[in-house]
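Novice: Got a structure for you, questions after.
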Amino acid sequence: MTAMAHEPLSQEDVLLEGFLALDTPEGFRAELIEGEIVVTPPPDGDHEDCIGLIVNQVIRRSRTEMQFSGNKGLKLRRGGACPKDHVIPDGTFAPLELRLYRGADSWMPCDGVAMVVEVTSTKPQADREAKRRCYARAGIPLYLLVDRETAQVTVFSEPKDHDYREHCARPFGKPVTLPEPFAFDLDTADLL
């Protein structure tokens, strides 16, 4: 019997393999964000209410017809020595004409995604910082952050390198403009 020589696995390969092999409890989700495995519990009702209110407005008011996916796994560009980020935004919007989700794997590339949405919950700093950098690095045009702790909505736009160059924050109750391809003012009054 002869032994086969194998290339040694790098630390990032071991991390990625371990992450992809995770078996999380029902309702929990695991993400690989900037080299850290993050597991979050199922969202509460207020979290889901925020998502529903945003989805309803986007579907009704967006200039471009949009398709929505909740909790869709996205493979993003790697940051530094870390493996590719594997994130699950609370919401992902893409132009309907692309049919981006049809036939997609559990973890799909983010090409064609117009906007991701996060509503803060158990780890708000990850949404405010690490995920913002991940989405910008991936070139996702818009990142909508609903920060329940600070009671404000922020639209991040113009991704460049590891961050967004522009952002517009409004307190709950004040409208915030979603630029093209959406081109409407998102009403945040119901988020109060």
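Novice: Test each condition in (1) touching a strand residue (DSSP E or B) at 6+ places or on another chain (Cβ under 8 Å); (2) within 25 Å of residue 63 (Cβ to Cβ); (3) among the hydrophobic types (A, V, I, L, M, F, W, C) for residue 104 and report the one that comes out false.
Specialist: All conditions are met except number (1).
Novice: Moving to a separate point now. Among the residues of region 69-107, which ones are assigned to a strand (DSSP E or B), open to solvent by less than 40 Å² (accessible area, probe 1.4 Å) and either of a type in the set (D, E, K, R) or under 20 Å from residue 37 (Cβ atoms) (or both)?
Specialist: Of everything in region 69-107, those that are assigned to a strand (DSSP E or B), open to solvent by less than 40 Å² (accessible area, probe 1.4 Å) and either of a type in the set (D, E, K, R) or under 20 Å from residue 37 (Cβ atoms) (or both) turn out to be 73, 74, 76, 85, 86, 87.
Novice: Next question, about the same structure. Suppose we filter region 54-68 for residues that are in a helix (DSSP H, G or I) and either open to solvent by 40 Å² or more (accessible area, probe 1.4 Å) or modelled with pLDDT under 95 (or both); how many remain?
Specialist: 4
Novice: Output the number of the condition that residue 48 fails; it satisfies all remaining conditions of (1) loosely packed, with under 12 Cβ neighbours inside 10 Å; (2) of a type outside the set (S, T, N, Q); (3) in a helix (DSSP H, G or I).
Specialist: Status for residue 48: all satisfied but (1).
Novice: Same structure, new question: Where the second residue is modelled with pLDDT under 80 and of a type in the set (Lys, Arg) and the first is under 12 Å from residue 84 (Cα atoms) and lies in region 4-21, which pairs have Cβ atoms under 9 Å and are six or more apart or on separate chains?
Specialist: Cβ pairs passing all conditions: 12/78.
Novice: Scan region 1-40 for residues that are at pLDDT 85 or above, open to solvent by 70 Å² or more (accessible area, probe 1.4 Å) and out of contact with any Ser or Thr (no Cβ under 9 Å at 6 or more places or on another chain) and jot them down.
Specialist: Those that are at pLDDT 85 or above, open to solvent by 70 Å² or more (accessible area, probe 1.4 Å) and out of contact with any Ser or Thr (no Cβ under 9 Å at 6 or more places or on another chain): 17, 20, 21, 22, 23, 25, 26, 36.
Novice: So which of 162, 167 ends up being open to solvent by 30 Å² or more (accessible area, probe 1.4 Å) and either among the acidic types (Asp, Glu) or modelled with pLDDT of 95 or more (or both)?
Specialist: After ruling out the rest, the residue left standing is 167.
Novice: Failed condition for residue 112, given (1) free of Cβ contacts under 8 Å to residues at least 24 places away in the same chain; (2) open to solvent by 80 Å² or more (accessible area, probe 1.4 Å); (3) among the small types (Gly, Ala, Ser), with all others met?
Specialist: (2)
Novice: Please verify whether residue 150 is surrounded by 14 or more Cβ atoms within 10 Å (Cβ to Cβ), closer than 13 Å to residue 54 by Cβ, at pLDDT 95 or above and of a type in the set (Val, Ile, Thr), treating the condition exactly as stated.
Specialist: no
Novice: Within region 115-125, how many residues are surrounded by 14 or more Cβ atoms within 10 Å (Cβ to Cβ) and either polar (S, T, N, Q) or over 21 Å from residue 42 (Cα atoms) (or both)?
Specialist: 3
Novice: Taking the stated definitions as given, is residue 31 in a strand (DSSP E or B), among the acidic types (Asp, Glu), within 23 Å of residue 118 (Cβ to Cβ) and within 16 Å of the chain's Cα centre (by Cα)?
Specialist: Yes.
The values are calculated or read from the model by the stated rules, or taken from the named source; none is laboratory data. It should be emphasised that the depicted structure is a prediction, and the values quoted were computed from it without experimental measurement. Reconstructed Cβ throughout: ideal geometry from the backbone, glycine too, with neighbour counts over all protein chains shown. Just the protein is used for accessible areas: all its heavy atoms, side chains included, with ligands, DNA and RNA removed. Shrake-Rupley method; radii C 1.70, N 1.55, O 1.52, S 1.80 Å.
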